[in-house]
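The block underneath contains the structure these notes are about, expressed in structure tokens.
The values are calculated or read from the model by the stated rules, or taken from the named source; none is laboratory data. Here the structure is a predicted model, which means the values were calculated and not measured. Please note: Cβ atoms are built from the backbone with ideal geometry, for glycine as well, and neighbour counts cover all protein chains shown. Remember, those area values only see protein heavy atoms, side chains included, never the ligands or the DNA or RNA. Shrake-Rupley method; radii C 1.70, N 1.55, O 1.52, S 1.80 Å.
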Amino acid sequence: MSRYRVAVIVGSLRKESFNRKMAKALTALAPESLKLEIIEIAGLPLYDQDLDENPPAAWAEFRAHLVKFDSVLFVTPEYNRSVPGVLKNAIDVGSRPYGKSVWDGKPGAVMSLSPGAIGAFGANHHLRQTLVFLNVPTMPQPEAYIGNAASLFDESGNLANDSIRGFAAKYMQAFAAWVEANTHSKKQ
Ligand SMILES: Cc1cc2nc3c(=O)[nH]c(=O)nc-3n(C[C@H](O)[C@H](O)[C@H](O)COP(=O)(O)O)c2cc1C
């Protein structure tokens, strides 16, 4: 069976982040055909085009690591109705130098979580706009704007009820099919 490596990018640096907890839950629930790995973005210096000729080591490592992945899954909160700056920075770092974007052609998906009621819809769709430009074919359905995030996890950080567990499992099954359908050079 083909196995696809999925880079999971979490848009929050907070230790008790609901989005990070969800990313871990998705990793455990993913079907066999996907291998998820959370890629840390906290240590990436702010993108500065002047540094393209001689990039910081952390940028070079991030880019070299990302190219090994087949697909990308974003799990993000919303800051001021958009994506957190730390996530946009990671996306910008990965998109350069021009013509060498690590995102290009990788099938992707966006899940957003917020303690608020509208599930970080604004961040989710701002991110989708960026992914159109970066040529990341992004799974349209199921959409995942997950509100009331504080109620979804138990004290150990695991998903607390069957309803959210079932949704998360179905989401990952759909993503597995999306990755398979949108990967151009089929894997062995
Ligand atoms: C700077 C800032 C801006 C925020 N703006 C929004 C917002 O626009 N919409 C929203 O639903 N929550 C907003 N929040 C609340 C976050 O959704 C909340 O802190 C959430 O727990 C962050 O995700 P995490 O748990 O994964 O860290 C904001 C929080 C911060 C710190």
* In the stretch 138-159, is there at least one residue being open to solvent by 20 Å² or more (accessible area, probe 1.4 Å), within 23 Å of Ala176 (Cα to Cα) and either in contact with a Ser or Thr (Cβ under 6 Å, 6 or more places away or on another chain) or aromatic (Phe, Trp, Tyr) (or both)? -> yes
* Which of the residues spanning the stretch 31-53 are out of contact with any strand residue (DSSP E or B) (no Cβ under 7 Å at 6 or more places or on another chain), aliphatic (A, V, I, L, M) and within 11 Å of Val93 (Cβ to Cβ)? -> Leu44, Leu46, Leu51
* To do: Go through the stretch 86-118 and count every residue that is part of a helix (DSSP H, G or I) and away from the ligand (no atom under 16 Å from the Cβ).
  => 5
* Asked: Is there a residue in the stretch 77-85 that is more than 23 Å from Trp178 (Cβ to Cβ), open to solvent by 20 Å² or more (accessible area, probe 1.4 Å), away from the ligand (no atom under 16 Å from the Cβ) and assigned to a helix (DSSP H, G or I)?
  -> no
* **Whichever residue in the stretch 52-72 is charged (D, E, K, R) and assigned to a helix (DSSP H, G or I) and, among such residues, is nearest to Pro97 (Cα to Cα)** => Arg63
* Asked: What number of residues in the stretch 158-188 are assigned to a loop (DSSP other than H, G, I, E, B) and either free of Cβ contacts under 8 Å to residues at least 12 places away in the same chain or in contact with a Phe, Trp or Tyr (Cβ under 9 Å, 6 or more places away or on another chain) (or both)?
  -> 5
* Unique residue being more than 23 Å from Leu113 (Cβ to Cβ) and surrounded by fewer than 21 Cβ atoms within 10 Å (Cβ to Cβ) when the list is Lys68, Lys35, Lys88, Lys24 -> Lys68
* **Boolean, Ala169 is at pLDDT 95 or above, closer than 28 Å to Arg3 by Cα and surrounded by fewer than 19 Cβ atoms within 10 Å (Cβ to Cβ)** => yes
* On the given criteria, is Pro55 within 11 Å of the ligand (Cβ to nearest atom) and open to solvent by 20 Å² or more (accessible area, probe 1.4 Å)? -> no
* Structure fact -> When every residue in the stretch 119-157 that is assigned to a helix (DSSP H, G or I) and aromatic (Phe, Trp, Tyr) is compared, the one farthest from the ligand (Cβ to nearest atom) is Phe133
* Members of the stretch 13-30 found to be in contact with a Leu (Cβ under 8 Å, 6 or more places away or on another chain) and not in a helix (DSSP H, G or I), listed by number -> Ala30
* Cβ pairs under 8 Å, 6+ apart, first in the stretch 7-26 and at negative phi, second part of a helix (DSSP H, G or I) and of a type in the set (Phe, Trp, Tyr) -> Ser12/Phe18; Leu26/Tyr171
* Return the pairs, sorted by first residue and then second, in which the second residue is in a loop (DSSP other than H, G, I, E, B) and at pLDDT 95 or above, the first residue lies in the stretch 127-154 and is farther than 24 Å from Pro115 by Cα, the beta carbons are less than 7 Å apart, and the residues are 6+ apart or on different chains. => Leu134/Ser101; Leu134/Trp103; Leu134/Asp104; Asn135/Asp104; Asn135/Gly105; Val136/Trp103; Val136/Lys106; Pro137/Pro107
